[in-house]
1. Inside region B:26-46, can you point out the residues that are farther than 18 Å from residue B:72 by Cβ and within 10 Å of chain A (Cβ to nearest Cβ)?
2. Restricting to region A:68-106, count the residues that are at the interface with chain B (Cβ under 9 Å from one of its Cβ atoms), of a type in the set (Gly, Ala, Ser) and surrounded by 17 or more Cβ atoms within 10 Å (Cβ to Cβ).
3. Can you confirm whether region B:53-73 contains a residue that is out of contact with any Gly (no Cβ under 8 Å at 6 or more places or on another chain), more than 24 Å from residue A:32 (Cα to Cα), of a type in the set (Asp, Glu) and touching a residue at least 12 places away in the same chain (Cβ under 8 Å)?
4. Kindly indicate whether any position in region B:63-86 is under 24 Å from residue A:55 (Cα atoms) and open to solvent by 10 Å² or more (accessible area, probe 1.4 Å).
5. Looking for something open to solvent by 50 Å² or more (accessible area, probe 1.4 Å), modelled with pLDDT of 90 or more, among the small types (Gly, Ala, Ser) and part of a loop (DSSP other than H, G, I, E, B) - is there at least one such residue anywhere in region B:7-24?
6. Among the residues of region B:87-114 satisfying the criterion of being open to solvent by 60 Å² or more (accessible area, probe 1.4 Å) and modelled with pLDDT of 90 or more, which is farthest from the other protein chains (Cβ to nearest Cβ)?
7. Evaluate the following for residue A:59: is it of a type in the set (S, T, N, Q) and on the phi > 0 side of the Ramachandran plot?
8. For residue B:49, state whether it is open to solvent by 10 Å² or more (accessible area, probe 1.4 Å), outside any loop (DSSP other than H, G, I, E, B), away from chain A (no Cβ under 14 Å) and closer than 28 Å to residue A:31 by Cα.
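The values are calculated or read from the model by the stated rules, or taken from the named source; none is laboratory data. Since this is a predicted model, take the numbers as computed values, not measurements. Glycine gets a Cβ as well: all are built from the backbone with ideal geometry, and neighbour counts include every protein chain shown. When the accessible area is computed, the model is the full protein with side chains, heavy atoms only, and any ligands, DNA or RNA have been set aside. Shrake-Rupley method; radii C 1.70, N 1.55, O 1.52, S 1.80 Å.
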Amino acid sequence: DTAVSQTPKYLVTQMGNDKSIKCEQNLGHDTMYWYKQDSKKFLKIMFSYNNKELIINETVPNRFSPKSPDKAHLNLHINSLELGDSAVYFCASRSGGAGDEQFFGPGTRLTVL
Amino acid sequence: AQSVTQPDIHITVSEGASLELRCNYSYGATPYLFWYVQSPGQGLQLLLKYFSGDTLVQGIKGFEAEFKRSQSSFNLRKPSVHWSDAAEYFCAVGGNTGTASKLTFGTGTRLQVTL
């Protein structure tokens, strides 16, 4: 049973294309996140949703648009991909309180050529 | 603004030796502190966390960490390292701001274990 899953695991695409990454959690958590990990392993939050409502948006270019069709899913759509978007994108979920653990997905490695 | 500093980018220890990974945080109130481990090609796994109570917390895989408010530190320790501990270790700080709570991660420390 995978707690937090992401698809695809790898994504290679050309500059200017539009792509989506999907995330699903089967933990019944209310809060989900997207993080970006750059080539130096620095992990930075991008977005957070709570019960399908956007609650955190961290100065991310508006080419990135998260969508949460239900509280178990949080997708990330990226328009007009740029070289600098190449990174590993992690989805995570948390049950409720700030002290609770965030459970991370396996990551999606995006390479923009 | 909350922040985390992990001063050591890369640490090498011999198998069986003790380990301490440093973490300093900045947060205006009582912080929630976490240590995560990331094995190559994998997601992050929680090792341990602190948000109240005993300042020495025990985690999985034999790890422990000590919260020192006066030093704004939350260092991770293990008395005897195993080769399988080689990975990237991230310290993170969060706060009790309800659903808008977010984690801020340090830049990570890569642990290499020599046999």
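1. Step one: of region B:26-46, the residues farther than 18 Å from residue B:72 by Cβ are B:36-46.
Residues satisfying the conditions are B:36, B:38, B:41, B:42, B:43, B:44, B:45, B:46.
2. The number of residues fulfilling the criteria is 4.
3. Yes, region B:53-73 has at least one match.
4. At the first step, the residues of region B:63-86 found to be under 24 Å from residue A:55 (Cα atoms) are none.
For region B:63-86, residues under 24 Å from residue A:55 (Cα atoms) and open to solvent by 10 Å² or more (accessible area, probe 1.4 Å): absent.
5. Initially, region B:7-24 is screened for residues open to solvent by 50 Å² or more (accessible area, probe 1.4 Å), giving B:7, B:9-10, B:12, B:14-15, B:18, B:20, B:22, B:24.
Pick out the ones that are also modelled with pLDDT of 90 or more and you get B:7, B:9-10, B:12, B:14-15, B:18, B:20, B:22, B:24.
Applying the additional criterion that residues be among the small types (Gly, Ala, Ser) yields B:14, B:18.
Keeping just the survivors that are part of a loop (DSSP other than H, G, I, E, B) gives B:18.
So far as region B:7-24 goes, yes, one or more of its residues are open to solvent by 50 Å² or more (accessible area, probe 1.4 Å), modelled with pLDDT of 90 or more, among the small types (Gly, Ala, Ser) and part of a loop (DSSP other than H, G, I, E, B).
6. Initial filter on region B:87-114 (open to solvent by 60 Å² or more (accessible area, probe 1.4 Å)): B:96-97, B:99, B:107, B:110, B:112.
After this cut, where a residue has to be modelled with pLDDT of 90 or more as well, the list is B:107, B:110, B:112.
Working: B:107: 5, B:110: 8, B:112: 14 Å.
Filtering region B:87-114 for residues that are open to solvent by 60 Å² or more (accessible area, probe 1.4 Å) and modelled with pLDDT of 90 or more, the one farthest from the other protein chains (Cβ to nearest Cβ) comes out as B:112.
7. Working: of a type in the set (S, T, N, Q): yes; on the phi > 0 side of the Ramachandran plot: yes.
So residue A:59 fits the description; yes.
8. Numbers: open to solvent by 10 Å² or more (accessible area, probe 1.4 Å): yes; outside any loop (DSSP other than H, G, I, E, B): yes; away from chain A (no Cβ under 14 Å): no; closer than 28 Å to residue A:31 by Cα: yes.
So residue B:49 does not fit the description; no.
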